[in-house]
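Take a look at the structure below.
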Amino acid sequence: AAGLWTVFTLGGVGSKASAQLEQCSPLASQSLLLLLVLANLTDAADTPNPYRQAIMSFKNTQDNTAFSSSNPHAFQINFNSLYTALCEQQKSDQATLLLYMLLHQNSNVRTYVLARTDIENLV
């Protein structure tokens, strides 16, 4: 199992930062891993993955537009808090993967990040 984990972490790249993150907040680290696994499950033949649908469609709490009634998985989150948390955790492979997924699959997050003037904190 340890050898398999080494393969997944690309030979230990990022393992030190991940270990530090897990020590300071093991529940947050495990929750993030669970979210990533659930969001990347394949779609069933008759229904799309509800976790992926939620990731693709959530909006900013400061956005006043109404929710689409066709999406039952829609919710709102404070993008400023999300951005701050992602900036603080960029040494973690899991947080980087979440950022990648959000930038590619959620146009609301992508628009928000591109509009920020302090994007160098994220990069």
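The values are calculated or read from the model by the stated rules, or taken from the named source; none is laboratory data. Being a predicted model, the structure only gives us computed values, none of them experimental. Ideal geometry is used to build each Cβ from the backbone, glycine not excepted, and the neighbour counts take in all protein chains shown. For the accessible areas, the whole protein counts, side chains as well, though only heavy atoms, and no ligand, DNA or RNA atoms are used. Shrake-Rupley method; radii C 1.70, N 1.55, O 1.52, S 1.80 Å.
A few comments on the model shown:
- About its Cα centre, the stretch 25-122 has a charge dipole of approximately 60 debye under the convention of +1 per Lys or Arg Cβ and -1 per Asp or Glu Cβ, with nothing else charged.
- Radius 13 Å from Cβ of Phe79, net charge of other residues (Lys, Arg +1; Asp, Glu -1): +2
- Packing-based ranking, highest mean first, of 29-37, 111-119 given that Cβ atoms within 10 Å are counted: 29-37, 111-119
- Rounded FRET efficiency, nearest 0.05, which uses the C-beta distance separating Tyr100 from Thr42 and R0 of 22 Å: 0.75
- Remark: the stretch 43-49, residue by residue, has Karplus-estimated 3J(HN,Hα) of 6, 6, 5, 9, 9, x, 5 Hz, where x stands for each Gly or Pro and the curve is 6.51 cos²θ - 1.76 cosθ + 1.60 at θ = phi - 60°.
- Built amide H within the under 5 Å cut-off of Gln76, gap 5+: Lys59
- Carbon and sulfur %, accessible surface of the stretch 45-118 computed with the full protein complex present, 1.4 Å: 55 percent
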